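Asker: Got a structure for you, questions after.
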Amino acid sequence: MANFLLIHGAWQGKWVWPAVSAELTMRGHEVHSIDLPGSGADTTPLDQVTLSLYADAIVKAIKAIGKRVTLVGHSMGGIAVTAAAEQAADSLARIIYLCAYVPVNGDSLSSLSDLAPARLPSPVALGHDALAALASDTQPSARVETFMQDAPYAVAHWAAPQFRAQAMAPMTTPVQVSEQAYGKLPKSYIVCTRDRAIDPVLQRVMAARSGCSRIKELASDHSPFLSRPTETAEMLHRMVTEL
């Protein structure tokens, strides 16, 4: 079975993963997750958080696992896992992107957002003040409607207050990858078709242009680990067990 390392997206932390982790464990997998620097319970000051710091934290976790890892990145975490994969390609079995940003060489989250249909502003376009407001305790309804409209009421209103302010530097830094390292890794993508945060059209475009060999669709909002944890875990399970 697989050794999963689950990487969260912007504003969030490893607190998003317990339901999916439990489901994967019941299916026989080993499951790990971390808080990225400046996220969740990690206390790194936001002005010190960089994409390189994200990648270093993920690589450290991969080395600590000590086995070939299936790396899963959600949302902005797709940028982070891509940067880490370039450094640790020989320690990875595959990458799975879960409604995530997927760069090719030279892309940033900001540049990828420019490819999206003009329905929602990108996280970068929102700017520092709006990002802070979205993460503040005064905006729980906005967070539910944007990120987890399909989640059960109790789950969504448990999750919404846990959002934290998000560092901007990892969103604007271009990712550097090579065919010799990142390019050789098997990559898969799960498109969330009810996503209001990353347009499903953009998800399909990113999956195709980055060479994801398997693209599956899940009828979920942007937080499938909260809204559809069993279905999410089953799809992850099948992606590592079905050739």
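The values are calculated or read from the model by the stated rules, or taken from the named source; none is laboratory data. Quantities reported herein were computed from a predicted structural model and do not represent experimental measurements. Note that each Cβ is placed from the backbone with ideal geometry, even for glycine, and that neighbours are counted across all protein chains shown. To get the accessible areas, we keep the full protein, side chains included, count just its heavy atoms, and leave off ligands, DNA and RNA. Shrake-Rupley method; radii C 1.70, N 1.55, O 1.52, S 1.80 Å.
Asker: So which residues in the range 38-51 are under 25 Å from K67 (Cβ atoms) and either touching a residue at least 60 places away in the same chain (Cβ under 8 Å) or part of a strand (DSSP E or B) (or both), if there are any at all?
Answerer: Scanning the range 38-51 gives S39, G40.
Asker: Another question about this same structure. Out of everything in the range 2-21 that is within 21 Å of G66 (Cα to Cα) and in a helix (DSSP H, G or I), what residue ends up being least open to solvent (accessible area, probe 1.4 Å)?
Answerer: S21
Asker: Here's something else I'd like to know. Looking at (1) among the hydroxyl-bearing types (S, T, Y); (2) over 22 Å from G40 (Cβ atoms); (3) open to solvent by 40 Å² or more (accessible area, probe 1.4 Å); (4) touching a residue at least 24 places away in the same chain (Cβ under 8 Å), which is the one condition that is false for T172?
Answerer: (2)
Asker: Looking at I7, is it touching a Pro at 6+ places or on another chain (Cβ under 9 Å) and within 21 Å of L202 (Cα to Cα)?
Answerer: In short, no.
Asker: Okay, moving on. Counting only residues that are in a loop (DSSP other than H, G, I, E, B) and open to solvent by 20 Å² or more (accessible area, probe 1.4 Å), how many does the range 200-243 have?
Answerer: Residues in the range 200-243 being in a loop (DSSP other than H, G, I, E, B) and open to solvent by 20 Å² or more (accessible area, probe 1.4 Å): 6 in total.
Asker: Pairs, please: C-beta under 6 Å, at least 6 apart or cross-chain, first residue more than 14 Å from S220 (Cβ to Cβ) and in the range 144-157, second aliphatic (A, V, I, L, M) and outside any loop (DSSP other than H, G, I, E, B)?
Answerer: Matching pairs, first to second residue: V144/A156; V144/A160.
Asker: Here is a follow-up. Quick one: what pairs do we get from the range 53-76, first residue part of a loop (DSSP other than H, G, I, E, B), second surrounded by fewer than 24 Cβ atoms within 10 Å (Cβ to Cβ), C-beta under 6 Å, 6+ apart or different chains?
Answerer: Pairs that qualify, where the first residue is part of a loop (DSSP other than H, G, I, E, B) and the partner is surrounded by fewer than 24 Cβ atoms within 10 Å (Cβ to Cβ), are K67/N3; R68/A93.
Asker: Filter the range 36-45 for residues that are open to solvent by 40 Å² or more (accessible area, probe 1.4 Å) and of a type in the set (S, T, Y) and give the result.
Answerer: T43
Asker: Could we say that A22 is farther than 24 Å from M206 by Cα and at pLDDT 95 or above here?
Answerer: Judged against the criteria, A22 is a match.
Results for (1) over 29 Å from S227 (Cβ atoms); (2) among the hydroxyl-bearing types (S, T, Y); (3) under 16 Å from the mean Cα position of the chain (by Cα); (4) crowded, with 24+ Cβ neighbours inside 10 Å, shown as yes or no for each residue.
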| position | (1), (2), (3), (4) |
| --- | --- |
| D47 | yes, no, no, no |
| I65 | no, no, no, no |
| R94 | no, no, yes, no |
| N105 | yes, no, no, no |
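Asker: Given the options S33, S75, name the one that is within 26 Å of T230 (Cβ to Cβ), in contact with a Lys or Arg (Cβ under 6 Å, 6 or more places away or on another chain), open to solvent by 10 Å² or more (accessible area, probe 1.4 Å) and not acidic (D, E).
Answerer: One residue alone meets the criteria, S33.
Asker: Within the range 77-100, can you find the residues that are out of contact with any Cys (no Cβ under 8 Å at 6 or more places or on another chain) and assigned to a loop (DSSP other than H, G, I, E, B)?
Answerer: The answer is A100, and nothing else.
Asker: Just give me the residues in the range 184-198 being more than 16 Å from C212 (Cα to Cα) and either open to solvent by 10 Å² or more (accessible area, probe 1.4 Å) or in a strand (DSSP E or B) (or both), in sequence order.
Answerer: T193, R194, D195, R196, A197
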